[in-house]
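Asker: Starting off with a structure, shown below.
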Amino acid sequence: MRRFGWIAAVGIGLACSSLAWGQVADSGAESAETIRAVRQWFAGNTGRPGVVLHLGDSITYANPYGQWARSGSGQTDADRAVLKWMHTNARDDQDGWFLAANDHPDGGRSETACSGVRLDEFLAGGKRNLPSLEQMLTRYRPQMAVMLLGTNDVTAQRTVPAFRRDLLTAVGIFRKAKVIPILNTLPPHHHRPDLAKQFSQVIREIARTEQLPLIDLEAEILARRPTDWNGTLMNRNDVHPSASINGVTPTSAPTAENLRNSGYLLRGWLTVRKIAELKRAIIDAPATSPAPTPVPMTGVNPDAEGVKLPVNRDLWLSTVDSEAQGNNGGANKLKLKSYQEFSLVDLDATALRGRVIRSATLHVKLAGPERLHRITISSVSAPWIEGKSSNYQPETGASSFARRVHPDGWWSVPGSDFTSVSLGLGHSLWRMADATPPDANGWQQIPVDPRVVQLRLAGISEGFLMFDDTGSEWSRNGEAFQMRPFPNRYVFSRESGTKSAPYWTISVGETDTAPPNSPQNAAWNATTGTLEWDTPTDVGPAGVVGFRVRIRGQSLPAWQVPLATQPGNWIRMPIDMDGFPQGTPLPVEIVSVDGVGNVSKPIALTMTLPIRQRATLPGTDPQRKLGSRGAIPFGDHSVAVVDELATVTNFPPAASSLWHPDRKTIRLTAAKDEIIGFRLLSDGEIPDVTASLTMPTLPGVRIDFGHCVNVPANRDNQPDPVLPVSGATPIGPKSGQLLVELHIPREAKAGSHRGELTLRRRGSELTLAVELTVWNLALSRELNFLPEMNAYGLPGAEREWYRLAHQHRTVLNVVPYSQRGIVSEGAAPRIQNGQYDWRDWDRRYGPLLDGSAFADLPRAGVPIDCLYLPIHENWPGSMAEFYNGSYWADQAFPPEYRQRLVDTSRAFAKHFDERGYHRTRFHFFLNGKNNFKQNGWSRGSSPWLLDEPAHLQDFWALRWYGAAFHQGVREAGGTAKMLFRADISRPQWQRDTLDGLLDYNVLSSAMRDYHRLITARQSADQQLILEYGTANTIGSPNLHGAAWCVDAWCLGAHGVIPWQTIGTPQAWKQPEETALFYPTDSGKPVPSLRLKAYRRGQQDVEYLVQLAAVAGLSQLELGQLVRAHLQLQPKRGGTGFVGGEDAGRVNYGNLSGEAFAAFRERAARYLESRIPPQLPNGSGLPTPPRRTGPTGIGGMVAPQGANR
């Protein structure tokens, strides 16, 4: 099960700053999702127990590969056990190590590996008489197979698509044979490094999308030897791992240092570890997890003894404004108001210890007219202080929502609030249940899951959170709709007196005094920076529920320590590198705790944190010469030049490195496939100016001229829309400015180029020199960062809007249905009798998806990056036909409604795969908001807030829809990128409802407020993260758009999304901040200068992506350094929007365009000095795996049927 702490520890393991830890995530523990998927197909395996084949080329055939397994030093008891299980040293047809290394009479091969073999040859068989893959699986009947193939495919320069096709064929063969394949990425290839990287990326993508185990050998090698692998972990100038280097051999102990000096030792050790992990998780584990124990609504088990306990402390918390600092521990009421207000309660567990909990019920008496409906009871994984205050008064030393101990004690890590230790975060556990109706005296009963109570007995939880899951309510009378936002639900607290105070009834069973078994197979993994162990069994009936960990005598808080899972399942706990000394052996003790508080004997080990070198920003600041502040006469006026995004307040403009008026020179720099621009402005009106630019040494350069038209803004005129210019155009303070743009061709020669910009008007002529430096590097044509231009419809000439966005390295994405649930004309295929007619749909969208619509643009042939699907709550199934009125989606529809959603999702995925639409990310996105129903029930199709969910009922609906969508996609197979997208403004209240489901996570400013949480979820589920907001206002610095892109990437995001980008005709007369695209009478749109800011930001991120890869830094490592260097200190604020939730805007104060330009040059010079010329053309964005269903462990205590 996937869980998150608040994440000082968890965040380190998922996004740590050490190369030795942070870049090997794929070869670490497999996700619960992958394990579950592999279990499903392995369930029918009839292979021979312990038979594990090793399949490959000479890297596998080589004897050193299996030497550590056969006779290595430093093997643990767990290692020896799994090696014995796989018949190591039996030297027969059950011993896979023997089969891989034993010389065959045909020469050049063994039974399962062959020198020089390519993947296609391995599939077919015949090379040196080698059997085919299918024949090997039939003959040896293995349970698992480790496969490393592709190095010879790289040497032979096979194409990436051909290799991908063959690898998918191999996966199909394994799946048919019900054998667990363990894929391996390729070791670095000295002769063809780029192609080997591409092949390894294909292997990673297939492992993710097909949910297969993976040993990321390439990442493991580069993590230990980022730049000096050639001659250390790899034989010098060879494709084979090293055997003996610096006295280290393939049989040496697998210490951190030894694993840096023998490639075969590293590979052999990784393989044994991976096989052991899969054996524990799949072969040894039960096929299915037992169902949770139902809790009777009465809270009384007739076969058990009942115990009544008072609530011995309680506390009402608020999240609202200054109330978040307040304490209500002395109030005579407790309040439940969804995520705005909630309460903590506790009990004295002394009377329960040693007794197995059978069921539990919390009894509360209403203190107001509003009854309780669905309620969550969660454990709390940090101590809290009840306090004595009321009326939200801050109380020193007591708890509030914002502080565990007021005024400066955080709930977990610095900056955390109460959400970090409850509702599934901080290794807490939650369950929800429907409260009983109030009795005649106003009492209600809330069923509580026994395991939540067990955590309190075990000392792992510090009490209980009581939370209102329903939140806002509504009623309907025909077309009339009445919303009741956030009803105030009150119950009496213990301070109200014994007659109305809340209390518990607990049903206890047998006595259990036996300590549980100690954790099994405990080890310190220096590579991933994690303590690892297996959940043990319990001697008694209570069951192991958690653990306690001590490091150097210091007990770790419960919010850092994972809860127990099924016996035998692997526990992995990241360690906070900053919390302990580095380079020193540290003693560690781990104990198991069962559900009645019994504690096991400790298991002891040592760990040594590697000594980290503090990362520094690559490169050095360039010596850039600023020109003088000045202008040049042209006719009756003067002209000057500024950067395309520069803010101009005076004439002549401020000095810059671009404009050198004393030399009549414009200086530019660019990478290949980069678009750059500058503007000409004048101190007076100059009509009918014609311009031409020649670059004689730069064939293929594309040059575009534009007229920057002024629009009213801030009591002034400011340039924003840009009209294309093919002849004469005016320049002046009122008439606008001239924009000149250059697209540097991919084939451009690196170095200096000179050209001339000539301005002419009625006998006047001015020639300016243009000096352009082209860097010896190219930007990727496939975007590694997505400035997604969101829209809700286009006013005609649809394809031209997509082309304009594509030309600006942005992604236009148009929601294809309305809030009423009406799909836009032509945005969905016709469905008749279950058959889909795709002809019109393909004619409309096909050129966007195969790239042919962009054949003449700078990124020729690259398809659109994203496309919304028409699937939503009202299509293909009708809400009017199927919705029964429940707040809870899993109870709101008949099976037919869900099946239509599954069938249609499957049809889309299958069609896209058949058509080869594999590069676009298709979004299943639910945009509905129930507040649109306030003008009439039919004015909105969704009864929930599916866009920007607020209450648990909203998240629960997203969970239900997402699971149905993924089921259909999974059934379709193929490799189309079918992603479940959600726009989340409150991720702290998401719980684990969307774990294992959400692929494309679009976040508000909460991405910054809850950054650790977001990055943890991203890493665990391979999500794409994007931040949404609003474009800068016209007249404010346009550099803000570029800075937003850079800043978001530095924080780990993969894109930004201005929430609306299409202007109206009125945008030409009055400023529209949402008009990044302007409509024209011709139907063809024109861009704004602010749209070009997003292009600038996207290109800057492309520099950063290459810089991180070459410097060996993670995105977050480099991001932290870049934010400090550029002094990015954003403030997130509102826009004044009142039509719904305000998307907000990120403001950056006074930014320096010169600083951004200087940093680009710094990055380019660093890259030029360390890499040969490269032409990157592949996206490094994450590819979310195919989902098998929700992985969160929260849910219902006992389903009770529909409850409104």
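Asker: Take the range 551-571 and flag every residue that is free of Cβ contacts under 8 Å to residues at least 40 places away in the same chain, of a type outside the set (Gly, Ala, Ser) and not in a loop (DSSP other than H, G, I, E, B).
Answerer: Answer for the range 551-571, where residues must be free of Cβ contacts under 8 Å to residues at least 40 places away in the same chain, of a type outside the set (Gly, Ala, Ser) and not in a loop (DSSP other than H, G, I, E, B): just Gln554.
Asker: Which members of the range 488-520 meet the condition of being surrounded by fewer than 20 Cβ atoms within 10 Å (Cβ to Cβ) and among the basic types (Lys, Arg)?
Answerer: Hit for the range 488-520 is Lys499, nothing else.
Asker: Hey, another quick one. Pick out, from the range 116-201, the helices (runs of 4 or more DSSP H) lying fully within it that include 1 or more residues that are surrounded by 22 or more Cβ atoms within 10 Å (Cβ to Cβ) and touching a Cys at 6+ places or on another chain (Cβ under 8 Å).
Answerer: 119-124
Asker: Look through the range 706-723, keep the residues that are over 39 Å from the mean Cα position of the chain (by Cα) and either under 14 Å from Arg679 (Cβ atoms) or modelled with pLDDT of 95 or more (or both), and return whichever of them is surrounded by the fewest Cβ atoms within 10 Å (Cβ to Cβ).
Answerer: Asn710
Asker: Another one. Which residues, taken from the range 363-389, are out of contact with any Phe, Trp or Tyr (no Cβ under 6 Å at 6 or more places or on another chain) and of a type in the set (A, V, I, L, M)?
Answerer: Once the filter is applied, which keeps residues that are out of contact with any Phe, Trp or Tyr (no Cβ under 6 Å at 6 or more places or on another chain) and of a type in the set (A, V, I, L, M), the range 363-389 yields Val364, Leu366, Leu372, Ile375, Val380, Ile385.
Asker: Wholly within the range 815-914, which strands (runs of 3 or more DSSP E) include no fewer than the required count, namely at least 1 residues that are of a type in the set (D, E, K, R)?
Answerer: Strands (runs of 3 or more DSSP E) meeting the threshold: 830-832, 835-837.
Asker: Inspect all residues belonging to the range 79-88 and state whether any of them is in a loop (DSSP other than H, G, I, E, B), in the same structural domain as Asn152 (by TED's automatic domain parsing) and among the polar types (S, T, N, Q).
Answerer: yes
Asker: Is the range 1054-1066 home to any residue that is of a type in the set (A, V, I, L, M, F, W, C) and assigned to a helix (DSSP H, G or I)?
Answerer: No - not one qualifying residue is present in the range 1054-1066.
Asker: Here's something else I'd like to know. Six or more apart or on different chains, Cβ under 8 Å: which pairs go from a residue in the range 958-984 that's at pLDDT 95 or above to one that's of a type in the set (Asp, Glu) and surrounded by 23 or more Cβ atoms within 10 Å (Cβ to Cβ)? Could you list them?
Answerer: Filtered contacts from the range 958-984: Tyr961/Glu873; Leu979/Asp999; Phe980/Asp999; Arg981/Asp999.
Asker: Of everything in the range 209-221 that's in a helix (DSSP H, G or I) and touching a helix residue (DSSP H, G or I) at 6+ places or on another chain (Cβ under 8 Å), which residue is surrounded by the fewest Cβ atoms within 10 Å (Cβ to Cβ)?
Answerer: Once the filter is applied, the top-ranked residue is Ala219.
Asker: Now a separate question. From the list Gly1055, Gly1063, Gly1083, Gly1035, which residue is modelled with pLDDT of 95 or more, assigned by TED's automatic domain parsing to the domain that holds Ile871 and more than 17 Å from the chain's Cα centre (by Cα)?
Answerer: Gly1063
Asker: What strands (runs of 3 or more DSSP E) completely inside the range 341-395 contain at least 1 residues that are under 24 Å from Ser420 (Cβ atoms) and among the aromatic types (Phe, Trp, Tyr)?
Answerer: Result: 341-345.
Asker: Right, another one. Every residue in the range 745-780 that is of a type in the set (Lys, Arg) and either over 35 Å from the mean Cα position of the chain (by Cα) or surrounded by 19 or more Cβ atoms within 10 Å (Cβ to Cβ) (or both), please.
Answerer: Of everything in the range 745-780, those that are of a type in the set (Lys, Arg) and either over 35 Å from the mean Cα position of the chain (by Cα) or surrounded by 19 or more Cβ atoms within 10 Å (Cβ to Cβ) (or both) turn out to be Lys749, Arg754, Arg760, Arg761, Arg762.
Asker: Quick check: anything in the range 833-843 more than 27 Å from Asp947 (Cα to Cα), of a type in the set (Asp, Glu) and free of Cβ contacts under 8 Å to residues at least 40 places away in the same chain?
Answerer: yes
Asker: Under 6 Å by Cβ, and 6 or more places apart or on different chains, what pairs join a residue from the range 142-159 that is of a type in the set (Asp, Glu) with one that is buried (at least 18 other Cβ atoms within 10 Å of the Cβ)?
Answerer: From residues that are of a type in the set (Asp, Glu), the pairs are Asp153/Arg118; Asp153/Leu119; Asp153/Phe163.
Asker: Return the total of residues in the range 715-754 being closer than 22 Å to Met695 by Cβ, among the small types (Gly, Ala, Ser) and either assigned by TED's automatic domain parsing to the domain that holds Ala1093 or in a strand (DSSP E or B) (or both).
Answerer: Count: 2.
Asker: Is it the case, given these coordinates, that Val1101 is buried (at least 19 other Cβ atoms within 10 Å of the Cβ), modelled with pLDDT of 95 or more, farther than 21 Å from Ala797 by Cα and touching an Asp or Glu at 6+ places or on another chain (Cβ under 6 Å)?
Answerer: no
Asker: For the range 49-99, what are the residues that are more than 30 Å from Arg128 (Cα to Cα) and in contact with a strand residue (DSSP E or B) (Cβ under 7 Å, 6 or more places away or on another chain)?
Answerer: Those that are more than 30 Å from Arg128 (Cα to Cα) and in contact with a strand residue (DSSP E or B) (Cβ under 7 Å, 6 or more places away or on another chain): Thr76, Ala78.
The values are calculated or read from the model by the stated rules, or taken from the named source; none is laboratory data. Computed from a prediction, not measured in an experiment: that's the story for all the values here. Don't worry about glycine lacking a Cβ; one is built from the backbone with ideal geometry, like all the others, and counts go over all protein chains shown.
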